[in-house]
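Down below is the structure, laid out as structure tokens.
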Amino acid sequence: MKILKFGGTSVGSVENLTRVKDILVSDQENKIVVCSAMSGVTDHLVRLTENIRFNDTDAITRSLHRLENKHSDVIDALVEDQETKNILKNKLSLIITEMFEVSSKAYSEVVNSQIITYGETLLTTIFSGYLNSLGISNVLLDAKEFMYVDAVENPNIKKVQKKLEKVLDNNIQSPIYITQGFVCRDIEGEISHLKRGGSDYTATIIGSALSASEIQIWTDIDGLHNNDPRYVDETQPISHLTYNEAAELAYFGAKILHPQTISPVVDKDIPVLLKNTFDPKALGTLISNKTHKKGLKAISAKDGITAIKIKSNRMLMAHGYLRRIFEVFDNFQTSIDMITTSEIAISLTIDNTVNLDKIVKEIEGYAEVTVEQDHSIICIVGESVINDKNSYRLFEILNYIPVRMVSYGGSNNNISILVDTKDKIPTLRFLNEKLFQVQEEVIV
């Protein structure tokens, strides 16, 4: 069994849905297909939740009618058989009616999750019906029946496995199963979600639960590149990555992967293949436990970083000082990304500022706190990258860009620097030239 995930761009138009159909029929192995919502739909639904929050009934009605019209137009353009069109439009109408009912409830986090996960339901309902109209046998599965992950950060794979196997046993056997990404249930059984980009995570959770032979993640780019192609010219796809390399890159900003995508498959040793929906013959990137090449592989950037400097002369070298600081962040459920220390100060970074004011207030009781926002972590990744003979070149950045922090040696596979976000793009371009283009010139 393979797991294939298609992102919002891959299913974002009638033309693209036909591309996905062609990819599915080109591979005869049994598969579960995980689909995102059409591109732009989840953003539309997030705005709808704001209308619900403020009880703007007129805006809610307009929003849902636009959503229905958008998907109705897709049915008209995608499906030729009139009977199938009628069936799908009736199903669409029922889903929209459900959404009206949910939208009439008082706003809550559960209502929010219910609404923003409808995009995947709409798309998979239409796509499954489209395949059936072409005689391509498939079964539509409701992810809410088996994606009981309990906690997003640590999904209960065994629970998902047990429920998914039961769902599969209760349905007719099929070479293709279609289901929704992103949506899940929490430990209370309430509808929740895996955060934006979470359909990747859905695919690897399902893949781990079923011990899949392979997981394919189809996007609009031919694999993970060695730098961000949105900002840097002449980037190159990477043919192979280890689980550790891919996890580091995803966590530190590589947009092609949800940050937690890799974690469910590592122990099962299931390969993850990143492919391009618009160029299926491109090799893409294979992620596995095998190291094909050590040293520098790629650079990624993570925005929205806040730097916090904590200084206290009277706590100098005091036993338990670091523990006391860390406990504050732990108590407010705020993770730390980078940390450096000196004799009288600690500098660290966070990406979640929900409880920042409370954290600062508590620490100010015994230390001086300075907060700097709008920073970016630039992460240089590769197996044993600290031993790469060219890695020293990254420190030439100190001659051109103010670097706030450097993390070196915490991991053999990662060197990170912190810069002001306004300097992110120049930093990415500078490092691309020094670390990749110089290597190519030497090889030539």
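The values are calculated or read from the model by the stated rules, or taken from the named source; none is laboratory data. These numbers were taken from a predicted model, which means no experiment stands behind them. Here the Cβ is made from the backbone with ideal geometry for all residues, glycine too, and neighbour counts use every protein chain on show. Keep in mind that these areas ignore ligands, DNA and RNA; they rest on the heavy atoms of the full protein, side chains included. Shrake-Rupley method; radii C 1.70, N 1.55, O 1.52, S 1.80 Å.
Need one number: % antiparallel among DSSP beta bridges in the chain, to the nearest 5. Taking every DSSP beta bridge with both residues in the chain, the antiparallel ones total about 60 percent. Decide, for the stretch 180-220, between rounded, prolate and oblate: order the square roots of the alpha carbon gyration tensor eigenvalues as a ≥ b ≥ c, take rounded if a/c falls under 1.5, and otherwise choose prolate if a/b is larger than b/c, else oblate. Verdict is oblate for the stretch 180-220. Taken about its Cα centre, the stretch 273-396 carries a charge dipole of about 640 debye when Lys and Arg each add +1 at the Cβ and Asp and Glu each add -1 at the Cβ.
GNM remark for the chain: springs join alpha carbons under 10 Å apart, and the peak mean-square fluctuation among 135, 189, 295 falls on 135. Each peptide in 38-49, 138-149 gets a packing score, the mean of other Cβ atoms within 10 Å over its residues, and the list from highest to lowest is 138-149, 38-49.
Look at the alpha carbon pairs under 8 Å that are at least 6 residues apart: their mean separation over the length of the chain gives a relative contact order of 13 percent. Ordering 397, 410, 366 by the projection of their Cα atoms onto the charge dipole of the stretch 310-444, which places +1 on the Cβ of Lys and Arg and -1 on the Cβ of Asp and Glu, puts 366 at the extreme positive end. When peptides 426-432, 77-83 are ranked by their average number of other Cβ atoms within 10 Å per residue, the highest-first order is 426-432, 77-83.
Taking every protein chain into account, the 1.4 Å probe leaves residue 283 with about 150 Å² of accessible area, to the nearest ten.
Mean residue ellipticity at 222 nm, helices only, the chain: -11500 deg cm²/dmol; runs of at least 4 DSSP H residues each add -39,500 (n - 2.57), and the sum is divided by the number of residues. Taking the empirical scaling 2.2 N^0.38 Å for compact globular proteins as reference, the stretch 79-118 has a Cα radius of gyration ratio of 1.51.
The overall shape of the stretch 53-192 is oblate: from the C-alpha gyration tensor, with semi-axes ordered a ≥ b ≥ c, the ratio a/c is 1.5 or greater and a/b is no larger than b/c. Rounded to the nearest 20 debye, the dipole size of the chain about its Cα centre is 520 debye, using +1 on the Cβ of Lys and Arg and -1 on the Cβ of Asp and Glu. Peptide packing: for 197-206, 62-71, 162-171, the average count of neighbouring Cβ atoms within 10 Å per residue gives the ranking 197-206, 62-71, 162-171, highest mean first.
To the nearest 10 square angstrom, how much accessible area does residue 311 have with a 1.4 angstrom probe? My reading of the accessible area for residue 311 is about 80 Å².
On a per residue basis, the convex hull of the C-alpha atoms belonging to the stretch 217-375 measures out at 153 Å³.
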